[in-house]
């Protein structure tokens, strides 16, 4: 069978968690699926409709960014160097009340999609309000995405009366379930301190009814631990467990302050954890004990968080900071090796995203989510090991991106997004935000 | 007077520590010196031999990277995820014994120069052996550099017998003092645990005789604190103080474990400190208390360290990590604000580098060390504040670099380095290093 796309003569990293490099590799793609990934000479001289010359490039699976709030690109750098409570209550929530509307959500999410594609992210999970506009933006960009409609017990964009929050989420699920193979709808309950017990339970009931994921910020700050402790139970994670909410489809974001017992609960319930180390650093929230989480068998993915608390969506930076900060946190230079960090951002993340058959490995039969990096650069020379993808590479090294077999970035040029229009529209909106 | 180079219509950040942006600015350069930096309309329509269109760009002072070991680009990623003692004794020192020679030092330093220029560094301080080859490489690249010849009580490249180490350093100073206005020779005593008291004192005597800086790794790891404590004195910094070595020309690198009293000594003696946060994280050495250092009046600069312990020479990454990690370390999101981090990497660093009149500010009469960044990118949009230079920008955003009035990078193209030859030569050497 002839391939639609053939990537030739490339340095190939088929499975980032394993770090084996194939020196002269090729990848063949038919439709949305990889039909071959391995040494060139074993593929033979079969033809392809489109050949991408991979010389001087490294080809690897696309990165998976499992937590974001795409429209918040508008608030990038708006209120840096502040505490979470002050940042949320006095800056972000008021800015959202004034500036979030469907047009803003669509264009600012398109900007986020551009930033992620340019830096090698091919799968993401987002949580926001007016999420249908995020889903449209990501669908138009060709990004593979979990789009989760926000639920919070406060007036929110598109849901002026909080008593309608779960119903609004149900309408969102109705609109998007089964509509686009690259867009998987889900729910996003903001946190145990902004959602009442009944709200959390109704949200989880809805998620179970539709068989979709429920994302929730939990155990993010020491203040949250204190807030939950008095009225609700020993820890935020035990609180969720007591409400019957934790299972493999409930994705716990942050878990910065998860204690030993919390991790046992998360491992026992199979609830994934998404760490956002740069956001946790920037807001001085704290740092999760990743080696202990992994030792206990918790499944962990990585996310950038919204870019108002980061301020970038570059997963290469997230990997680097995650790896290095864990070494400091544990005063152990082997705390989490680079190849495990790479696995979290590719194979582990792909599994946690919940797209059927999405393994984050380049192998026959897998979805064709692939990125090519330019190795002809001083900061990647010499290239002794794939560790450099964590400790030296950056999103700007990505030149070409394929998602589900579709070229979305070619030699640095975005093919699915009008970037000039997007930058201009977001800049025009930003003038009003100061 | 007509300018040699005129940068027009640019977003101008003349003094990064102050964060005031000029929307439509220009910079005029005559010879090696800035003759105007400010609003376009106040410059009038004077002519220039060369006009650089600054539309869509941010123009700011070049970055100052005050600690590196340039030839170690050859060992980038060679031995990641190891402890300092193991990394040094079992990997780096043996690799250096086998592979360091003048040709290696020249080409690997040229690679470092390329990486630094491409990522916006215009001034650096280096410490290594066979440092004359580093100085040649940096001179050829047009980089402004302090080049410090290494002194250690072990056999070292170019100094097989350690009893010759101070004499070899004297020859280096003789060769380079006053030779090139952009290359300032200096000394680099490796550390208090690898240099005997007499070696340290002879090195400092030599530095005083030639009026040059003496760099030294000190208080880097907890093990070093323990090693010094028994035979030599309470702390490594008190040890150096007792030897009479600390003054404004002794630059203390790392100081990760400097205690309250150590900081008082450093402030009292006016000895600058260079932090290398990414190296300290990667080797799990620990983290300095930067807010306390600054509060006590210690002058602090930033460095990347050698790229075997980082593994990149990108100062934008170093700023980002430094700012964020201090927030975690102090659990305080305002620990060190972004603009102070920017000052450390520009104005403070320029002062500490010790080049006469080098202030790291874009203003008339200052040396013309200038970088231009491309703002037409999603991850820098919207550009509400110069904080984004710390929290979102990367070295790859740099397009054009001017050092001492000379264009060394133009629209991403290196003008002083044959990058293809450099990459090929380093790759050829790297094959033998595994």
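The values are calculated or read from the model by the stated rules, or taken from the named source; none is laboratory data. Here the structure is a predicted model, which is why all the values come from computation and not from measurement. Here Cβ is always computed from backbone atoms with ideal geometry, including for glycine, and neighbour counts include all displayed protein chains.
Some observations on this one:
- Taken residue by residue, the range A:127-134 has at least one member that is more than 30 Å from residue A:374 (Cα to Cα), modelled with pLDDT of 95 or more and assigned to a strand (DSSP E or B).
- Residue check, residue A:354 surrounded by fewer than 24 Cβ atoms within 10 Å (Cβ to Cβ) and in contact with a strand residue (DSSP E or B) (Cβ under 7 Å, 6 or more places away or on another chain): yes
- In the range B:228-252, the residues that are at negative phi and surrounded by fewer than 16 Cβ atoms within 10 Å (Cβ to Cβ): B:229, B:230, B:231, B:234, B:242, B:247, B:248
- Some residue of the range B:338-350 being at pLDDT 95 or above, touching a strand residue (DSSP E or B) at 6+ places or on another chain (Cβ under 9 Å), assigned to a loop (DSSP other than H, G, I, E, B) and surrounded by fewer than 24 Cβ atoms within 10 Å (Cβ to Cβ): no
- Counting the residues of the range B:275-299 that are surrounded by 24 or more Cβ atoms within 10 Å (Cβ to Cβ) and either away from every other protein chain (no Cβ under 13 Å) or under 16 Å from residue B:390 (Cβ atoms) (or both) gives 5.
- Checked against the criteria, residue B:220 counts as assigned by TED's automatic domain parsing to the domain that holds residue B:302 and over 21 Å from residue B:165 (Cα atoms).
- Considering A:59, A:33, A:20, the condition of being over 20 Å from residue A:401 (Cα atoms) and at pLDDT 95 or above is satisfied by A:20 alone.
- Matching option when the condition is within 13 Å of the chain's Cα centre (by Cα), surrounded by 24 or more Cβ atoms within 10 Å (Cβ to Cβ) and within 7 Å of another protein chain (Cβ to nearest Cβ), among B:305, B:314: B:314
- Subset of the range A:67-89 (residues that are more than 8 Å from chain B (Cβ to nearest Cβ), under 22 Å from the mean Cα position of the chain (by Cα) and assigned to a loop (DSSP other than H, G, I, E, B)): A:69
- Residues of the range A:198-224 that turn out to be assigned to a helix (DSSP H, G or I) and surrounded by fewer than 21 Cβ atoms within 10 Å (Cβ to Cβ), as a count: 11
- Note on the range A:361-396: residues that are touching a strand residue (DSSP E or B) at 6+ places or on another chain (Cβ under 7 Å), within 12 Å of chain B (Cβ to nearest Cβ) and surrounded by fewer than 24 Cβ atoms within 10 Å (Cβ to Cβ) total 2.
- Residue tally, condition in a helix (DSSP H, G or I) and under 14 Å from residue B:352 (Cβ atoms), over the range B:270-314: 2
- Residue match in the range B:397-408 (condition: at the interface with chain A (Cβ under 9 Å from one of its Cβ atoms), crowded, with 20+ Cβ neighbours inside 10 Å and at negative phi): yes
- Checking B:177, B:238, B:249 one by one, the residue that is under 25 Å from residue B:64 (Cα atoms), in contact with a helix residue (DSSP H, G or I) (Cβ under 8 Å, 6 or more places away or on another chain) and without any contact (Cβ under 8 Å) to a residue 60 or more places away in the chain is B:177 and no other.
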